[in-house]
Amino acid sequence: MDANPSLDGLRSRGSQFFGLLLQTRETWRAYDVYLSALLIFAASRLVVVVGINLGKLLVRVPDPAKWDAGPDWYDRLLRWDSGWYATIVNDGYRYSDDGPSPTVFYPVYPLVAYAVKSLSGVDHFMALLLVANVASLIVALLMTKFVRDELGDETALWSLAFFCFFPSSLFLSAGYTESLFLMFVLLSFVLLVRQKFVAAAALAGLSLGTRSVGIVMIPVILWEMGRRSSLPWPRLLPRMVMCGVVAASGLLAYAAYLGIKFGHPLAFATGQAFWHGPSLSFLDRFVSGLTLASFHHTNLRLAGWFVCSLVLTIWSFSRLRPAVSLYGLGALALPYFTLGITDSMNRFVLVCFPAFVCLGILCRGRPWLGNALVGILAALLLQTAALFSQWYWVG
C-alpha cells in the first residue's frame, strides 16, 4: 500500500522545522560569548556608577578652580583633561608659549565629539561622554572577538573581565581618549588578520590622531605586511612605504594643521613642558630609562602596575602573535622612555591589552584565581571612580 502523501509532506515540513530550530540554536550558541562579554562589561560599568555616586561621601578637593560640568551624577565623569577636550570642542585650538595650551591634546576625539554635538544637538560635555562610552562598548566586543579568534572563548572572557575591571578602566567611561583609541587599534588588528593592510593602516592613523602612543602601530603594520604578504619584495616595499605614511597620517595631518594655524607644527610636543617639566633630549630620556631612574621618583603602586604589565607583555611573545606583543611592548616602552613612570602610567597600562590577554591565559581552567583577581580589581575600580568623582588625581 502506498504511503499517505499528506502524512509524508507533514513529516517533511516537521523535519525542516526542527532542522531550522537546531540551526538557529547553534547560531545563538556562537553568539553566547558576546552576550557574556556584554554582561561583563555592564557589570564593570555598574561598579563605576556605584563608585561615582559613593564619591559624594568623600571630601571634595578644596580648590575653587575645580569646575562642574553639571548637577547629574554622570557629570562627575568629566574631570581634569575632560575640560581641555570640552574647550577644544567649543572653541577650537589655541597656542601659547607662556603657559599650557590644548595643542598637547590630539584632535580625533574632540573632532568626533564635535560631530556628535552638531548632529544630535547635545552639549559638548554630553558629546564627550557619548563618544567615550559608545566606543568602550565597541572595544569590549572587538576585544572579545579578537581574543576568541586567537585563543578561544574562555580566554576571551577572562581577558575582557581583567580589562574591564582594571582600576583605570574608569577612563573608558570618562571624558578621555582611551576607549576611542583602543577601538581604532583593535579594528586595525582585526583587519590585519584579514590582510586588509591599507584599511588597517588608515585605522592606525586614526589611533595616532587620538593618542601619541598610536605611533607604535606603524611598526606593527609593517611587520604584518612583511610577514603575511605573498608579494615579492620589489613590489611589496612601495606598498609598505605607502601604508607607513597612512599609519602616520593622524600625526602628520595634525602637525600640518598646527603649522598652518600657529606656525608651530611641533606644538603638540613642545607644549608638554608645561605638564611634565622641561624636555630632556632623547638620549637623556633613554639613559634615564635604562638606568631605572624613573623608579627612584615614583610610588610602589604605579611601579607595580607597570612592572606586572611589562612582565606579562614580554611573556606574551611566547603565547601571542609577534605583532600583538610588539604593540604591547611599544605601548609601555614609549611612555616609559619619554615621560618615565608618571602618575598617568596606569592609563598606558590600560591600553596595553596583550597584558590582559596573558592574564586570561593564566586563569584559563583556574576560575578560583580569575574570580579572586577580578574581585580585587573591582574593589580598586570602585575606589578609583569614587576618588575621581571628587577631583582626586587617579591618572
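So LEU192 clears everything in (1) touching a Gly at 6+ places or on another chain (Cβ under 9 Å); (2) part of a helix (DSSP H, G or I) except one condition, right? Which one?
With respect to (1) touching a Gly at 6+ places or on another chain (Cβ under 9 Å); (2) part of a helix (DSSP H, G or I), LEU192 is out only on (1).
Could you list all residues from segment 235-266 that are in a helix (DSSP H, G or I), in contact with a Leu (Cβ under 8 Å, 6 or more places away or on another chain) and surrounded by 16 or more Cβ atoms within 10 Å (Cβ to Cβ)?
Those that are in a helix (DSSP H, G or I), in contact with a Leu (Cβ under 8 Å, 6 or more places away or on another chain) and surrounded by 16 or more Cβ atoms within 10 Å (Cβ to Cβ): MET240, CYS243, GLY244, ALA247, SER249, GLY250, LEU251, ALA255, LEU258.
Within segment 68-87, track down each residue that is among the hydrophobic types (A, V, I, L, M, F, W, C) and outside any helix (DSSP H, G or I).
ALA69, LEU78, TRP80
Just checking, which of VAL349, VAL307, VAL324 is of a type outside the set (Asp, Glu), without any contact (Cβ under 8 Å) to a residue 12 or more places away in the chain and either under 23 Å from VAL374 (Cα atoms) or assigned to a helix (DSSP H, G or I) (or both)?
Matching residue, one of VAL349, VAL307, VAL324: VAL307.
Identify all residues within segment 268-287 that are modelled with pLDDT of 70 or more and more than 27 Å from the chain's Cα centre (by Cα); write none if there are none.
The one that is modelled with pLDDT of 70 or more and more than 27 Å from the chain's Cα centre (by Cα): VAL287.
Quick check on my filter: what residues within segment 136-170 are aliphatic (A, V, I, L, M) and over 14 Å from the mean Cα position of the chain (by Cα)?
VAL147, LEU151, ALA156, LEU157, ALA161
Out of ALA132, ALA204, report the one residue that is under 29 Å from MET242 (Cβ atoms), in contact (Cβ under 8 Å) with a residue 40 or more places away in the chain and part of a helix (DSSP H, G or I).
Criteria check complete, one pass: ALA204.
Among the residues of segment 97-144, write down those that are crowded, with 17+ Cβ neighbours inside 10 Å and of a type in the set (D, E, K, R).
Listed by number, the list holds a single entry, LYS117.
The values are calculated or read from the model by the stated rules, or taken from the named source; none is laboratory data. Nothing here was measured: the structure is a model prediction, and the numbers come from that model. Backbone-built Cβ (ideal geometry, glycine too); neighbour counts: all protein chains shown.
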